[in-house]
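The values are calculated or read from the model by the stated rules, or taken from the named source; none is laboratory data. Here the structure is a predicted model, which means the values were calculated and not measured. Cβ placement follows ideal geometry from the backbone for every residue including glycine, while neighbour counts extend to all protein chains displayed. Heavy atoms of the whole protein, side chains included, go into the accessibility calculation; ligands, DNA and RNA do not. Shrake-Rupley method; radii C 1.70, N 1.55, O 1.52, S 1.80 Å.
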Amino acid sequence: MRYISTRGEAPELSFGEAALSGLARDGGLYVPTSWPKLDAADLARFEGLSYVDLACAVLQPFMAGSVSDSELHDFAAQAYATFSTPDVAPLVQIGDNDWLMELFHGPTLAFKDVAMQFLSHLIDHLLTRRGGRITIIGATSGDTGAAAVQAFSGRDTAEIFMLHPNGRVSPVQRRQMTTVLENNVHNIAIEGTFDDCQGIVKALFQDLKFRDELALSGVNSINWARVVVQSVYYFKAAAALRNQDRKIAFSVPTGNFGDIYAGYIASRLGLDIERLLIATNVNDILVRTLETGCYELHDVVATHSPSMDIQIASNFERLLFDIFNRDPARIRGIMESLSNDRNFSLDNASLEKIRARFSGFRSSEAETIAMIQSLHGRNNYLADPHTAVGLVAAEKARASGVIDEDTAIVTLATAHPAKFPDAMIAAIGIKPELPDHMQDIYEREERYTVLPNDAAAVAQFIRERAAILGKGASV
Ligand SMILES: *Cc1c(COP(=O)(O)O)cnc(C)c1O
């Protein structure tokens, strides 16, 4: 399988090269040249597979040419051995036809581990094979950074610089990054929002000289390997629930449109998904876009679900590429409008194509808290605030008739409630227990550097710190 940029002005790459580069050189995102298709027999076969074998079956066509079947199996087996359950994504029934899929049983307690654990084995393998070394630069609203730092710490093949918005991630999220003291890990707190962090990372990638000098690589969900690896659990849920021809919809707490785009990948591969529900908090750019056809940046508001306090939903570009019949000139046009005017408009035909698969619902802070309370009261279940946003969307979709009673709704439970103790205490007065391996997180030594919201200052810091410089960066 080969990969092309949504903006049409970057070289075509193999899977391995796309995984190592992250963002395309023209600022676009990599997508496969065509969608592989699974048939009914493939899907039926998935029902008996372990998570590792399912991952191999789903991912094989995307990685062909870069990764052998046995390597793929090794990466998946090593990645998911770090999870506290071999099931990786257990389903919990919470209503007649309502389910949660728990994606937080990895080492940093959010769904980001599912892809990041895999990616670190993949990248380490590719670089060991060719004898290269990379500098990973990422922006995080909390969970990506924790997952990436955990997955890449101590690796000889990568140096990692992770930017988080200072004071805007939960203390548990911050400490999961800043208490990792390995020499190849550098945490940077930016005086700004997540979008500011993401903007700096994009600017550094667009400085091609800097990019080449440091062999930059990105592990945000702009990295194709991340989103495709996440598509596996949609198949898992469907395989588990598909008895009696039950129809399935997914409600997905959304920020950067990565996790829900993974659901779209699954549907393009042939998985029958009734509808994908875009669940946002009050940072609702995607919900507004579905309502009005105008994608318009507002200022970011801090909420109880900080990992979704995002305005620029980067992966939406990947969906639009397909919606625009894969015309990169149209993507370049809207992205120019976005950077000049902070908005772009979709024509009606495009909007209707999006609405045919997706619906969007926002949750206010009060609705999120009320959902945590009611699920605790009803099912004695502790849902973290991001998961609660997904549950609010599921409830609204049912109430408005967007999803009928016969269709199962699987809401993705994206984080463990113990990552967000303040919101849980505010909602139900309970501080959820951290798992054993994190009990001492508040006592561990922290290390991070605060920098202004300025790409040049960050570039300077990276140049000074990157041990890679003396060692000859190359990929
Ligand atoms: C990252 C994250 C999200 C949003 O996922 P996207 O892929 O950015 O849409 C939702 N919930 C949690 C807990 C997250 O960490």
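Rounded to the nearest 500, the 222 nm mean residue ellipticity of the chain from helices alone is -13500 deg cm²/dmol, with -39,500 (n - 2.57) taken per DSSP H run of at least 4 residues.
Simple point charges give the picture: +1 on the Cβ of Lys and Arg, -1 on the Cβ of Asp and Glu, and for the chain a dipole about the Cα centre of about 680 debye.
Solvent-accessible surface of segment 161-266, taken per residue with a 1.4 Å probe and all protein chains present: 24 Å².
The residues of segment 337-475 have, on average, 48 Å² of accessible surface per residue, using a 1.4 Å probe with all protein chains present. Comparing ALA388, VAL450, ILE462 along the charge dipole axis of the chain, the residue lying farthest to the positive side is ILE462, per the Cβ-charge model.
When the square roots of the Cα gyration tensor eigenvalues are ordered a ≥ b ≥ c, the ratio a/c for segment 323-475 is 1.5 or more and a/b does not exceed b/c, which makes its shape oblate. Taking Cα centre as origin and charging only the Cβ of basic (Lys, Arg, +1) and acidic (Asp, Glu, -1) residues, the dipole magnitude of segment 127-232 rounds to 280 debye. The Cα atoms of segment 35-77 cover 26, 24, 11 Å along the three principal axes, with the biggest extent listed first. Dipole magnitude for segment 28-167: computed about the Cα centre from +1 point charges on Lys and Arg Cβ and -1 point charges on Asp and Glu Cβ, it is near 600 debye. Each listed q (0.06, 0.09 Å⁻¹) maps to a log10 I(q)/I(0) for the chain from the Debye sum over equal C-alpha point scatterers, namely -0.23, -0.54. Of all accessible surface on segment 157-208 at a 1.4 Å probe, what whole percent is carbon and sulfur? After summing per-atom areas, the C and S share lands at 44 percent.
Backbone N atoms of segment 268-289 closer than 18 Å to the 7 Å Cα→Cβ label point of ALA366 belong to residues 281-283. Take 447-459, 218-230, 56-68, 250-262 and order them by the average number of nearby Cβ atoms within 10 Å per residue, most first; the result is 250-262, 218-230, 56-68, 447-459. Close amide-amide hydrogen proximity is noted between ILE190 and HIS164, ASN166, LEU451, each under 5 Å apart and 5 or more residues distant or on a separate chain (H modeled in the peptide plane; Pro and chain starts excluded). Of GLN173, ILE190, VAL149, which is farthest along the charge dipole of segment 110-204 in the positive direction, counting Lys and Arg as +1 and Asp and Glu as -1 at C-beta? The residue sitting most towards the positive pole is VAL149.
Compute the distance in nm between two label points, each set 7 Å from the Cα along the Cα-to-Cβ direction, one at SER400 and one at ALA203. According to this spin-label approximation, the distance is 3.7 nm. Nonpolar atom fraction for segment 222-358, defined as the carbon and sulfur part of the 1.4 Å probe accessible area, stands at 44 percent.
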